[in-house]
Amino acid sequence: SMGAPRSRAPSAGRLPTTAKVAAVGTGMAFAWSALLWAPACEHAAVVQCIGASPLTFCGHAAPERRSPSIGRDIAMRAVTDPREITRLISTSETAAAVLDTVGQFVNRSTFNQIHVSTAFVKLAKVQSTIEQRDKESATMIRLVNELRYFLSKRSLTAQISANIFWAIVSMEKQMPQLMPLVPELMPMIQLVAKDMVAQHISNVMWAFARCKIDVGASESLFETLAERAFLLADAFTSQGIANLFLASGKLHRRGVPVSPFFDILPILSEVAIQRADATTTQAISNTLSGISDLRHEVSTSAFERDLIPILAEMLIKKAPKVSDAKLGFDFPQVVRAFALLEINHRPLLKMVATRCQQQSMLREMNDWGLCVVTWSYSNVFQDVEFSEFRNSLRAEIARRGTISEEMISRSQLGPDEWQT
């Protein structure tokens, strides 16, 4: 069981506290490389330098953080309840605090899969506080090794597997050294996919769409996930449905075998209509983006008749209460989707043009967003009433001085392809 004590004898993936490193003086870069690429049974060799205290490193390694309060250290040593360990990790407010807490418990037999998952998820949520010394900390390396141990035992649940996948991909920019773990997660994801609930499927598909590397996911995995999504369709939130639409479109563009999802999208569309009042502008833009990216693979007529008009109406209704910063990401996706689907929804297009001209949104919009809005209003929505808006778009492009006509044309491909 997950909470049961277990032996700390040296075994595959475990880092015994009495281990000695033969190659004294190796730096942290070597340690990370060894941990992330060597088989689990080889990890013990990079733990402790001869004569050093447990989990400290020689060379250029960052010194392990010490808790700011000796009293707190003593208090945490007295904690034995696994649920209390979970609470302490999940209530940490910074990456340093997460690792300080993990460091107090990671060597104990009661440190289990839930604690590993909680630590990764919390690090993802506070990733803006991650510093270089956190990335290089011995506790971080030990946490990675704990994950590898549980993967070697195939002892992660569906929820834990989905959460860790989501967390690692969420930190792709902040901690790219974790990304080699993603392909190692795939056998576990494949094993537990049949047990996933709606939220797990949503998180996993979001992570697949966000991940920039080839994780080696098989069509059979997507078949299992699609079957589960079909059975659990009524349990998805509007954001969860949006994740599935967006992921299906993005992954299909990359050549990932997500076709098993194509047949269930109309069913999810019906659920999305029921959830329309509770949807967000982000969920609307993600859903529309996914539909437009799949326009050559699935029939969009039902979407155009039922779902899309409702989403457009909801966007017009909700936009006035949403910040420029958020709409600066949502509007370009929506405009691109309507352009690719060749749907001239005048009320929505007028709302976008008016909001962009009245606010500072164009100046804050990223280059891809500015390009794709310009492309859409110049090549598809050529109505005379938008001529002033087109002038504003061109003026902003000229002000930046770095955007070419080719960049504007390529923007229709989507933000990922546009950057390559």
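Just a few scattered comments:
- Scope region 215-248; condition assigned to a helix (DSSP H, G or I), of a type outside the set (S, T, N, Q) and under 20 Å from residue 121 (Cβ atoms); matching residues: 240, 247
- Restricting region 211-268 to residues that are open to solvent by less than 60 Å² (accessible area, probe 1.4 Å) and among the basic types (Lys, Arg), the residue that is nearest to the chain's Cα centre (by Cα) is 250.
- Taken together, 277, 324 contain a single residue that is of a type in the set (D, E, K, R) and under 20 Å from residue 359 (Cα atoms), which is 324.
- Unmet criterion (only one of (1) among the hydroxyl-bearing types (Ser, Thr, Tyr); (2) part of a helix (DSSP H, G or I); (3) under 17 Å from residue 186 (Cα atoms)) for residue 118: (3)
- Residue check, residue 170 among the small types (Gly, Ala, Ser), under 29 Å from residue 107 (Cα atoms), crowded, with 17+ Cβ neighbours inside 10 Å and modelled with pLDDT of 95 or more: yes
- Any hit, region 203-210, residues being surrounded by fewer than 23 Cβ atoms within 10 Å (Cβ to Cβ), more than 27 Å from residue 315 (Cβ to Cβ) and either within 16 Å of the chain's Cα centre (by Cα) or of a type outside the set (Ser, Thr, Tyr) (or both): no
- Restricting region 106-147 to residues that are of a type in the set (Lys, Arg) and under 20 Å from the mean Cα position of the chain (by Cα), the residue that is surrounded by the most Cβ atoms within 10 Å (Cβ to Cβ): 122
- Candidates 188, 175, filtered to the one that is farther than 12 Å from residue 121 by Cβ, touching a residue at least 40 places away in the same chain (Cβ under 8 Å) and touching a Lys or Arg at 6+ places or on another chain (Cβ under 7 Å): 175
- Matching residues in region 105-115 - criterion: being in a helix (DSSP H, G or I) and in contact with a Ser or Thr (Cβ under 9 Å, 6 or more places away or on another chain): 113, 114, 115
- Meets criteria (at pLDDT below 95, more than 13 Å from residue 165 (Cβ to Cβ) and part of a helix (DSSP H, G or I)) for residue 251: yes
- Pair list, Cβ under 6 Å, 6 or more apart: region 259-283 residue farther than 9 Å from residue 238 by Cα, other residue outside any loop (DSSP other than H, G, I, E, B) and open to solvent by 60 Å² or more (accessible area, probe 1.4 Å): 260/223; 264/230
- Residue in region 199-214 that is farther than 21 Å from residue 125 by Cβ, touching a residue at least 24 places away in the same chain (Cβ under 8 Å) and part of a helix (DSSP H, G or I) present: no
- Looking across region 369-420, just one residue is among the acidic types (Asp, Glu), under 21 Å from residue 325 (Cα atoms) and at pLDDT 95 or above, and that is 396.
- If only residues of region 295-315 that are at pLDDT below 95 and among the aliphatic types (A, V, I, L, M) are counted, the one that is surrounded by the fewest Cβ atoms within 10 Å (Cβ to Cβ) is 302.
- Inside region 188-198, residues that are part of a helix (DSSP H, G or I) and open to solvent by 60 Å² or more (accessible area, probe 1.4 Å) make up a count of 4.
- Only one of 355, 394, 363, 400 that is in contact (Cβ under 8 Å) with a residue 24 or more places away in the chain, open to solvent by 60 Å² or more (accessible area, probe 1.4 Å) and either among the basic types (Lys, Arg) or in contact with a helix residue (DSSP H, G or I) (Cβ under 9 Å, 6 or more places away or on another chain) (or both): 363
- Selected residue (only one of 383, 416 is over 24 Å from residue 347 (Cα atoms) and open to solvent by 10 Å² or more (accessible area, probe 1.4 Å)): 416
The values are calculated or read from the model by the stated rules, or taken from the named source; none is laboratory data. In this text, all values refer to a predicted model and were calculated from it rather than measured experimentally. Heads up, the Cβs are rebuilt from the backbone with ideal geometry, glycines too, and the neighbour counts pull from every protein chain shown. Heads up: the accessible areas ignore ligands, DNA and RNA and are worked out on the full protein's heavy atoms, side chains in. Shrake-Rupley method; radii C 1.70, N 1.55, O 1.52, S 1.80 Å.
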